[in-house]
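Read the structure below first, then the notes.
The values are calculated or read from the model by the stated rules, or taken from the named source; none is laboratory data. What you are looking at is a predicted structure, and each value in this text was computed from that prediction instead of being measured. Positions of Cβ are generated from backbone atoms using ideal geometry, with glycine treated the same way; all protein chains shown enter the neighbour counts. What goes into the accessible areas is simple: the full protein's heavy atoms, side chains included, and nothing from ligands, DNA or RNA. Shrake-Rupley method; radii C 1.70, N 1.55, O 1.52, S 1.80 Å.
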Amino acid sequence: GIITTLKSEVLSSKKVKDGSYYVLVSYAIETDGQLAITDVFVSPENDFMQKQIKERLALETPKLNPVLSSSGKARKVNKKYNFTLVKE
């Protein structure tokens, strides 16, 4: 999964200091099911990590089933998820 990739490829960089990083990813599910990453927030701030996460998520985004409204029409939906990465 993406978390394993980030741990092995991004956390190992010298540009990332030891510590715990909270990551919040905002994304949209388009009407055709395409996933679009709208924002990646990293705390404490780390530009390198933010760029790397955004790039990797863009490469690994699956195509999902569109979200349907109550009338059965596909609609765009904005969502968020978060995770924590720890470098020791």
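The residues of the chain expose, per residue, 65 Å² of accessible area to a 1.4 Å probe. Charged side chains reduced to their Cβ positions (Lys and Arg at +1, Asp and Glu at -1) give the chain a dipole of some 160 debye around its Cα centre. Seen from P66, the other residues with C-beta closer than 11 Å to its C-beta sum to a net charge of +2, counting Lys and Arg as +1 and Asp and Glu as -1. For a paramagnetic label modelled on L24 (point 7 Å from Cα along Cα→Cβ), amide N atoms under 16 Å away belong, within the stretch 43-57, to 43-46, 50.
Inter-label distance, Q50 to E9: 2.0 nm, where each label sits 7 Å from its Cα along the C-beta direction. Normalised by the number of residues in the chain, the mean separation of alpha-carbon contacts (under 8 Å, six or more apart) gives a relative contact order of 40 percent.
Could you work out the local net charge near L24, counting Lys and Arg as +1, Asp and Glu as -1, over the other residues with Cβ closer than 14 Å to its Cβ? Summing Lys and Arg as +1 and Asp and Glu as -1 gives +1. Amide H contacts under 5 Å for A74: S69, restricted to partners 5 or more places along the chain or on a different chain, H placed in the peptide plane at 1.01 Å from N.
Go ahead and estimate [θ] at 222 nm for the chain from helices alone: -39,500 (n - 2.57) per DSSP H run with n ≥ 4, summed, over the residue count, rounded to 500. Present the calculation step by step, with values, prior to reporting the outcome.
Numbers: 2 runs with 22 residues, N = 88.
Taken over the chain, the calculation gives -7500 deg cm²/dmol.
Taking the square root of 5 times each eigenvalue of the Cα gyration tensor, what semi-axes in Å does the equivalent ellipsoid of the chain have, largest first?
Values: eigenvalues 177, 28, 18 Å².
Largest first, the chain gives 30, 12, 9 Å.
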